[in-house]
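A.B. asks: Quick one: the structure is below, and I'll ask about it shortly.
The values are calculated or read from the model by the stated rules, or taken from the named source; none is laboratory data. What you see is a predicted model, and the numbers here were worked out from it, not measured in a lab. Because the Cβ atoms are built from the backbone with ideal geometry, glycine has one as well, and the counts that use them run over all protein chains shown.
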Amino acid sequence: MANLWIYLALTLTTGLWLGLVMWQKLDAFDWRYRSDDVWLGFCLGVLLWPLWLIVRPTFIFRGAILLAGDNPKSMSTGGNLAARRRQTHQIIKKPPLCGARVTYKFHDFGPSDDPVEVVFEAADIEGFFKGKELPLYWKDEQEAIIAFIKNRDMTLSDATPVPDVIDFEQMASELIDAGIGKICCVTCKMFYDTHQLTRDMSSLTPGWNFAEYRCPSDHLALRREHMHIHYRFDHG
């Protein structure tokens with residue numbers, strides 16, 4: 001009986017400790033975007049604390065079972081989203097310095113595994129999208145890219161990468177289609193003005209359809225998703 005009381009006391013202590021970790025270390029982004037993960041971690045921590053003390057002590061002592069960290073690329077869906085929103089709001093409050101030119105890399109859309117780099121004048125980005133609705137799903141990302149572009153130092157010679165937490169792909173695509181910026185052909189190892197590219201869109205088919213951009217030497221410079229077509233079949 002004494003052992004049972006000791007176990008219950010330690011279980012209660014574990015619950016109180018994890019509750020304190022939740023209060024001290026979790027913020028509004030955690031509760032909004034990953035509350036299910038937090039409560040699951042809390043329940044597993046309280047119920048299985050003897051196991052965690054053996055196989056993963058930091059889960060209890062540091063409350064790691066409740067935390068997702070701040071790396072948007074290496075977390076669960078909820079943790080990833082919470083981290084992205086947190087970092088995006090940090091950019092709004094204190095935007096990183098932007099140079100006269102901005103660089104962005106398309107991943108998994110080139111002729112090889114190498115990312116495809118595009119470079120834009122920051123002033124061109126501001127001028128092209130001024131007065132337009134930005135093609136960004138999250139409102140905070142719209143505010144973040146505006147804060148970043150406006151916080152520019154024209155004396156910086158190196159191109160500044162767009163912050164990773166901003167989904168700049170669609171904005172970059174619209175700029176390319178408008179003939180703005182430069183793109184690096186991974187085959188030529190040269191930068192070309194985007195208005196020098198030729199764009200090809202094959203006949204539309206069910207599923208994803210791609211737009212292909214070729215450099216003046218006819219190398220595939222970029223291949224990106226353009227349109228997704230759903231087919232509905234009537235039965236009967």
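A.B. asks: Can you pull out every residue in region 9-57 that is surrounded by fewer than 14 Cβ atoms within 10 Å (Cβ to Cβ) and among the small types (Gly, Ala, Ser)?
C.D. replies: ALA9, ALA28, SER35 - these are the residues of region 9-57 that are surrounded by fewer than 14 Cβ atoms within 10 Å (Cβ to Cβ) and among the small types (Gly, Ala, Ser).
A.B. asks: Could you give me the residue pairs with C-beta distances under 6 Å whose first residue belongs to region 133-150 and is over 11 Å from CYS98 (Cβ atoms) and touching a residue at least 60 places away in the same chain (Cβ under 8 Å), whose second residue is buried (at least 17 other Cβ atoms within 10 Å of the Cβ) and not charged (D, E, K, R) wherever it lies, and which are 6+ apart or on separate chains?
C.D. replies: none
A.B. asks: Now for a different question. Between SER112, SER76, which is small (Gly, Ala, Ser), at pLDDT below 90 and outside the structural domain of LYS182 (by TED's automatic domain parsing)?
C.D. replies: SER76
A.B. asks: Same structure, new question: May I ask you to list the residues in region 166-178 that are of a type outside the set (D, E, K, R) and either under 16 Å from ARG223 (Cα atoms) or surrounded by 20 or more Cβ atoms within 10 Å (Cβ to Cβ) (or both)?
C.D. replies: ILE166, PHE168, GLN170, MET171, ALA172, SER173, LEU175, ILE176, listed by residue number.
A.B. asks: Another one. Tell me whether region 92-102 contains one or more residues that are modelled with pLDDT of 90 or more, part of a helix (DSSP H, G or I) and more than 30 Å from ALA221 (Cβ to Cβ).
C.D. replies: Yes, that holds for at least one residue.
A.B. asks: For residues that are assigned to a strand (DSSP E or B) and in contact with a Ser or Thr (Cβ under 7 Å, 6 or more places away or on another chain), scanning just region 180-196, find the one that is surrounded by the fewest Cβ atoms within 10 Å (Cβ to Cβ).
C.D. replies: Once the filter is applied, the top-ranked residue is LYS182.
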